[in-house]
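In what follows, a single structure is set out as structure tokens and then discussed.
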Amino acid sequence: MGMDGTLVDRYRRQKAYAGVGEKGQLQLANARVAICGMGALGSLIAERLCRMGVGYLRLIDRDWVELDNLPRQALYTTADAELVRPKAVAAKSHLSEINPDVCMDSVVEDVRFENALQWLSDVDCIVDGTDNFEARYLINDVAWKTGVPWVHGGIVGVVGQSMAFVPGRTACFRCLLPEPPPIEHMQTCDSAGVLGPAVGVVACWQAMEAVKILLKSDRAGDGTLSSFDLWEGAVRKIRVPKTAMCRACGAENYEFLEGAIGSQARVLCGRGAVQIQSSGRERIGLAALAERLRTLGKVFESPFLVRFHFPPYVVTVFEDGRAVIQGTENPDEARKIYARWIGG
Ligand SMILES: [Zn+2]
């Protein structure tokens, strides 16, 4: 019932579309989606799926909201940045206001081989909102090992791409790109910049592909990679063939999920920072850590993280023992700081 006393069906306009209907709306309401990375792509994808009434969303992100995210990252506000809110937490809070029917969990963690199955395997679709190749290979391994479809998306500058990968139906991400490109050849969001509306095109494309997967449409996963040059206004679709020699979908060798490939220290895209993952699985007592660090300098504390300034570094520690060290792009230097101030 609406506030004015009329009976309002929130979803009536999308149910009017023949591809959805009453049945499709019910499928969406029963569907579960994991969104891996809640940056520019992920936050908009989450918003689209939430508004459409997808029953469950798992919002996964390792980062917090910063002012320079706001030109692109549709869900977040200046206050989120000022409060250093983790993106997964801020997103859930805004999305619950948009659609309280949707059940959501925030996961403030980095998805890596130790926890990938836990966060990504019990859903109907995984959506890629990540900014790095390692995470995409990991998602691809989970998808092919467990049979969960996933929707890839990526964008640098104004050039983006997307493809729906459906086990048993399409080629996989490693058929498309057998090995990660060498770091020195990679353009990043930092070097090439990135524009909000271009991100929006790719994010909405991904959300549409995810919806088709959730509706079990025969149009889901057509086996093509779509690429966009939004400055030129050019869209291309390229058929991606299955590779018989593929290490993932061919040989079923899930190296990223097994942890054979991957790293503990990772330089973060365009941040002048390194992320360190603790080797242990125990949670860190943030209050105790803040107490200990307070004797050494300025400490900011929230229920989700502790941040301390140790010039020239700013170190942010999360509950899962993960730390982001700003002020260096040298993994060894970052590891040293982590061992010294947080623990080895
Ligand atoms: Zn493959």
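Bear in mind that the values in this text are calculations on the coordinates, not laboratory data. Quick caveat, the model's predicted, so the values are computed rather than measured. Here the Cβ is made from the backbone with ideal geometry for all residues, glycine too, and neighbour counts use every protein chain on show.
Below, the figures for the structure above:
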{"item": "Cα-only Debye scattering, the chain: base-10 log of I(q)/I(0) at q = 0.07, 0.09 Å⁻¹", "result": "-0.30, -0.50"}
{"item": "Length-normalised contact order of the chain in % [C-alpha pairs under 8 Å, at least 6 apart]", "result": "13"}
{"item": "Sorted by Cβ neighbour density within 10 Å, fewest at the top, the residues 320, 128, 9", "result": "9, 320, 128"}
{"item": "Segment 56-61 - phi-based ³J(HN,Hα) in whole Hz, Karplus 6.51/-1.76/1.60, Gly and Pro as x", "result": "9, 10, 9, 9, 10, 7"}
{"item": "Rough spin-label spacing in nm, given labels placed 7 Å along Cα→Cβ, for residue 238 and residue 105", "result": "3.7"}
{"item": "Residue order, fewest to most beta carbons within 10 Å, for 340, 169, 85", "result": "340, 169, 85"}
{"item": "Whole-Hz ³J(HN,Hα) from phi, Karplus 6.51 cos²θ - 1.76 cosθ + 1.60, for segment 105-112, glycine and proline x", "result": "10, 9, 10, 8, 8, 8, 7, 9"}
{"item": "Computed magnitude of the charge dipole of segment 31-239 (debye, nearest 20; Cβ of K, R +1, Cβ of D, E -1)", "result": "820"}
{"item": "Relative exposure of 208, 38, 104, judged by other C-beta atoms within 10 Å (fewest first)", "result": "208, 104, 38"}
{"item": "Computed helical MRE - 222 nm, the chain, DSSP H runs ≥ 4 contributing -39500 (n - 2.57), nearest 500", "result": "-9000 deg cm²/dmol"}
{"item": "Estimated distance in nm for a label pair at residue 18 and residue 114, the labels positioned 7 Å out from Cα along Cα-to-Cβ", "result": "5.2"}
{"item": "Placed amide H near residue 267: partners under 5 Å, 5+ positions off or other chain", "result": "275"}
{"item": "Two-site label geometry, residue 252 and residue 264: point separation in nm, points 7 Å out along Cα→Cβ", "result": "3.2"}
{"item": "Those chymotrypsin sites (Phe, Trp or Tyr not before Pro) in segment 10-90 that DSSP places in a loop and that have at most 15 other beta carbons within 10 Å", "result": "17"}
{"item": "Amide proton proximity set for residue 65, modelled H, under 5 Å, gap of 5+", "result": "85, 87"}
{"item": "Cα gyration tensor shape for segment 265-341, rounded if a/c is under 1.5, else prolate or oblate", "result": "oblate"}
{"item": "Neighbour cut-off at most 16 other Cβ (10 Å), DSSP loop, trypsin sites (Lys or Arg not before Pro), segment 9-61", "result": "10"}
{"item": "Kirkwood Rh in Å, taken over all unlike Cα pairs in segment 1-137", "result": "15.8"}
